[in-house]
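> This structure is in structure tokens; I'll ask about it shortly.
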Amino acid sequence: MSAFQLLNGLTYAALLFVVASGFTLIFGLLRIVNLAHGALYLVGGYIGFSIASGTGSFVLGGLGAMAAVAAIGFVLDQGLLRFVGNNELRQVLLTLGFAFVLDDMALVIWGGDSFTVPIPHMLKGGMHVFGVYYPTYRLFVLATGIVVFAGLWLLLNHTRLGALIRAGVDDAEMVEASGVNIRRVFLVTFLLGSALAGLGGLMGGAFLSLYPSADAEILVFSLAIVIIGGRGSLVGVGVGSLLVGLLNTLGQVMFPELAYFVIFGPMALLLAFRPLGLFGRATPA
Amino acid sequence: MLEVRDLHSGYGEAQVLRGVSLEVAPGEIVAVLGRNGMGKTTLIRSIMGLTPPQIRSGSISWRGEGLVGLRPHDIATRKIAIVPQGRRLFPSLTVSEHLTMLKGLRAKSGWTLERVFGLFPRLAERRHHRGGQLSGGERGMLAVGRALMIDPELMLMDEPSEGLAPVMVQHLEGIVLDLKREGLSILLVEQNLYSALAVADRVYVLETGQVVHQANAAELAKQTDVLFARLGVQ
């Protein structure tokens with residue numbers, strides 16, 4: 001693999017990480033099987049695209065995408081998911097249906113054309129890294145992925161909210177009995193996970209472009225990443241993203257016909273021998 | 001003070017508490033004794049607002065205010081803390097995090113990390129260990145410490161002596177008496193008669209969901225044979 005392809009793999013992994021880290025908050029920690037996560041990514045991309053092209057500000061596009069997708073996540077969580085409880089089959093059906101509705105609404109609003117989010121001037125062009133000339137924007141995506149990882153790691157391990165989230169995942173009832181409204185903590189976690197999907201949509205929309213059904217691939221990859229890494233493990237998502245990002249790029253270059261098999265073959269093998277994923281732990285109780 | 005009146009509570013079709021009434025006065029330690037399956041944990045969970053069980057009828061009032069129907073976090077905010085059966089520590093949190101996760105959540109608390117570590121020096125040594133890596137005695141201490149951090153006026157303790165070596169049980173009894181001196185009211189449910197008698201001002205005996213006997217401190221000593229008969233071999 002050349003340095004160029006390696007960077008392609010790494011930057012794609014960084015994008016996947018941003019989306020999948022949101023997914024692991026919801027699917028891994030809160031144990032909600034949210035199959036609308038891909039749709040949240042896509043809608044976030046469209047909204048970010050509209051705001052960024054309308055205002056000419058990429059930053060506003062990012063903030064807008066995160067806020068709007070968090071708002072959609074609020075409706076999904078408080079308006080629908082709260083009524084199905086912990087029943088995973090119902091969660092799957094509900095969120096899948098929600099994803100179809102979102103996709104169709106996006107089709108009505110933005111049509112079937114593909115869009116590319118305009119990137120700011122300073123991120124256009126390329127720069128020399130590791131002896132190759134490489135697009136600046138994709139390096140920016142890589143940096144953003146690293147910043148999101150560091151931010152989430154600090155949040156979960158070194159803040160009071162992070163301690164409450166971890167405690168709530170261990171034993172929600174005991175956190176309640178200690179005087180904390182755990183539903184509010186979980187809601188904040190859900191909104192944060194949704195916002196990360198929105199951010200991923202904007203960032204991915206600038207180099208993968210946005211089109212109907214772009215959500216499916218992201219959702220499948222996010223699922224693969226969280227399952228490979230282990231549900232709820234941030235380090236697992238990091239390693240899973242690197243594996244999937246690099247394998248996907250490698251697969252497309254070396255075995256284009258088998259690109260998916262290169263990812264899902266090893267995933268199936270891994271799960272046969274480590275059903276909880278690389279960094280997964282058995283759920284307490 | 002806590003007043004439970006004619007409480008009926010149960011799980012689905014199964015009625016567990018059938019008209020329990022009891023009181024805990026300020027600064028008092030009250031023990032509810034009973035064998036397994038007599039409704040002790042159901043009583044504690046009902047007071048704390050934890051579901052299941054569902055409360056069918058009856059009232060629970062605390063400082064004149066009804067608690068039935070409130071969510072557990074609202075009840076905890078009213079300065080009622082719980083040391084649950086099995087301790088239920090958080091495996092993902094360190095000892096320190098168990099104690100600081102509530103910090104800043106409410107106005108100034110009389111209990112601080114330093115004060116809890118003063119009461120349980122052993123926990124200070126283990127502050128970076130996680131909930132799952134502690135010995136039985138340390139787990140008990142941490143569960144009490146976590147409950148203290150909400151700055152309670154009433155502490156509900158579900159079988160605090162469960163699974164502890166006799167020397168640890170004694171240590172815990174000392175702590176319970178210390179807390180009483182701090183002005184806390186304590187309602188503890190126990191199978192262990194000796195442990196309960198060592199600390200309690202008053203005792204209720206629970207049998208198949210009803211209070212079948214009660215006695216105060218002065219009567220306790222003379223009645224151990226009655227209590228033994230009620231509780232079976234101890």
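A short reminder: the numbers here are calculations on the coordinates, not readings from a lab. What you see is a predicted model; the values in this text were computed from it and never measured. Note that we place each Cβ from the backbone using ideal geometry, even for glycine, and neighbour counts take in every protein chain shown.
> Using Cα centres only, tell me the gap between the range A:1-60 and the range A:228-278 in whole Å.
Answer, in whole Å: 17.
> In nm, to one decimal, how far is the residue A:83 label point from the residue A:217 one, both placed 7 Å along Cα→Cβ?
Using points 7 Å along Cα→Cβ, the separation is 3.6 nm.
> With a 10 Å Cβ neighbour count serving as the proxy for reagent exposure, in which order, fewest first, do B:65, B:3, A:176 appear? Display every interim value, and only then the final one.
Details: B:65 9, B:3 17, A:176 23.
Going from sparsest to densest Cβ surroundings: B:65, B:3, A:176.
> Dipole of the range A:1-143, Cα-centred, from +1 at each Lys and Arg C-beta and -1 at each Asp and Glu C-beta, to the nearest 20 debye?
Numbers: 5 positive and 5 negative charges, 55 e Å.
Computed about the Cα centre, the dipole is about 260 debye.
> So what's the angle, to the nearest 10 degrees on a 0 to 90 scale, between helix A:3-23 and the longest Cα principal axis of chain A?
30 degrees
> Follow-up. Roughly how crowded by other chains is peptide B:72-82, in terms of the mean Cβ count from those chains within 10 Å of each of its Cβ atoms?
Values: counts 10, 10, 3, 3, 6, 3, 1, 1, 2, 3, 3.
The shielding value for this peptide is 4.
> Hey, any idea what the orientation-averaged projected area of the convex hull of the range B:1-142's Cα atoms comes to, in nm²? Please report the intermediate quantities before stating the final value.
Working: hull surface 38.8 nm².
Value for the range B:1-142: 9.7 nm².
> What average count of beta carbons from other chains do you get within 10 Å of the Cβ of residues in A:161-168? Walk me through the intermediate numbers first.
Details: counts 1, 3, 11, 6, 2, 6, 11, 3.
The per-residue average across the peptide is 5.
> Taking the 0 to 90 degree range and rounding to the nearest ten, how far is the long axis of helix A:160-177 tilted relative to the main principal axis of chain A, both from C-alpha atoms?
30 degrees
> Follow-up. What number, rounded to the nearest 500 deg cm²/dmol, is the helix-based mean residue ellipticity at 222 nm of chain A, given -39500 (n - 2.57) per DSSP H run of at least four residues and division by all its residues? Don't jump to the answer; show the numbers that get you there.
Working: 10 runs with 197 residues, N = 285.
Rounded to the nearest 500, the figure is -23500 deg cm²/dmol.
> Still on this structure, please answer the following. Among A:11, B:112, rank each residue by its count of other Cβ atoms within 10 Å, from fewest to most, as a rough exposure measure. Can you show the working numbers first?
Values: A:11 25, B:112 16.
So the ranking, lowest neighbour count to highest, is B:112, A:11.
> In whole Å, what are the extents of the range A:3-211 along the principal axes defined by its C-alpha atoms, from largest to smallest?
Sorted from largest, the Cα extents of the range A:3-211 read 56, 41, 29 Å.
> Moving to a separate point now. Mind checking the angle between helix A:58-74 and chain A's longest principal axis? C-alpha axes, 0 to 90 degrees, to the nearest 10.
On a 0 to 90 degree scale, this one is about 30.
> Eigenvalues of the Cα gyration tensor times 5, then square-rooted: what semi-axes does that give for the protein assembly as shown, in whole angstrom, largest first?
Details: eigenvalues 593, 105, 81 Å².
Each semi-axis is the square root of five times an eigenvalue, giving 54, 23, 20 Å.
> Just counting partner chain Cβ atoms within 10 Å, what average do the residues of peptide B:184-191 show around their Cβ? Numbers along the way, then the final one.
On the way: counts 0, 0, 0, 0, 0, 0, 0, 0.
So the per-residue partner count for this stretch is 0.
> Before rounding to the nearest 500, sum -39500 (n - 2.57) across all DSSP H runs of length at least 4 in chain B and divide by the residue total; then give [θ] at 222 nm in deg cm²/dmol.
Working: 10 runs with 81 residues, N = 234.
Value at 222 nm, helices only, nearest 500: -9500 deg cm²/dmol.
> How big is D, in µm² s⁻¹, for the range A:1-125 by Stokes-Einstein at 25 °C and 0.890 mPa s if Rh is the Kirkwood radius over C-alpha pairs? Don't skip to the end; give the middle numbers.
On the way: Rh = 16.1 Å.
Reported coefficient: 153 µm²/s.
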